[in-house]
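Laboratory data are not the source of any read-out in this text; all were calculated from the coordinates shown. Note that the structure is a prediction, hence the values are computed from the model and not measured. Ideal geometry is used to build each Cβ from the backbone, glycine not excepted, and the neighbour counts take in all protein chains shown.
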Amino acid sequence: MAHAIKFHPSTALLEQFAEGYLTADVSLALAAHIDLCPHCQQLSQDITNDLAGQFVEQRVTTNSTDWDAMLNSVLAQTEQTSMKPIANEVTSSNALQSIMVSQREFKLPRALQRLSASHGKWLHLGGIATATLPTSSDHHVSLLYISKGTEVPQHTHLGLEMTLVLSGKIVDENGEYHAGDLLINSPDDTHTPRTLPDEDCLCLSVLSAPLQFKKGLTRLLNPLQQFFF
């Protein structure tokens, strides 16, 4: 029986996503969650329909623009432009549907498939591996793999942390998170994510600032933030 996704973005966040107000990196996390979550697929569609209805009801102002002349000009330019063959940049869809890490293959939601084809080199530290995705500079976006029975040291956040579980399961002091669950943490949150002994996990991580490790010798990891950020 499939796991019921319990952790979703707020309706307000979905509205901002539909209106195009979010950064590209945050939008990527929401789009990937929507790909995995039937509930948010429907909610996002309802929000989009409402926005479309509001747009249709807006009063259209007329002006003196000569639309016929503009259209003729565009068509004339199109005819003068020679058709150039498009380079073979698109990889077959099958090649973009999964990713390999630590001899494990994981299927990815549609929103991540093209980006995953050009992810950075996997960096390994114990049972944790990360690979940066080529997105904008506003946030650090990466794939995060946590092997079975592995704990990420207790940490807080110097900014926003969004974690979307893509496969497997992780747990922390606040709950248990399965594929499709979206965790959003702020500087007010401290936690110790870990996997169980029988299941590894792949996540999408979006950070607006580095993590801050809290306990004992793990505080020595704070200068090593290039691994996580």
Rounded to whole Hz, the Karplus (6.51, -1.76, 1.60) HN-Hα couplings of region 102-107, x for glycine and proline: 6, 6, 10, 10, 10, 7
FRET efficiency for residue 23 and residue 186, using Cβ-Cβ distance with R0 set to 22 Å, rounded to 0.05: 0.85
Dipole magnitude (debye, nearest 20) for region 99-227, charges at Cβ of Lys, Arg, Asp, Glu: 440
q = 0.10, 0.17 Å⁻¹: log10 I(q)/I(0) that the Debye formula gives for region 99-227, counting C-alpha atoms only: -0.28, -0.89
Extension gain, residue 66 back to residue 173 (0.36 nm per residue minus Cα-Cα distance, nm): 32.1 nm
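If r is the Cβ-Cβ distance from residue 56 to residue 13 and R0 is 22 Å, what FRET efficiency results, to the nearest 0.05? Can you show the working numbers first?
Details: r = 25 Å, r/R0 = 1.12.
Here the calculated transfer efficiency is 0.35.
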Interchain or long-range residues, amide H under 5 Å from residue 8's placed H: 182
Contour excess over end-to-end distance, with Cα ends at residue 196 and residue 49 and 0.36 nm allotted per residue: 48.8 nm
Cβ-based net charge around residue 107, under 15 Å, with every Lys or Arg adding one and every Asp or Glu removing one: 0
Under 5 Å, built H, 5+ apart or other chain: amide partners of residue 159: 209
Label-point separation, residue 42 to residue 209 (7 Å along Cα→Cβ), nm: 3.9
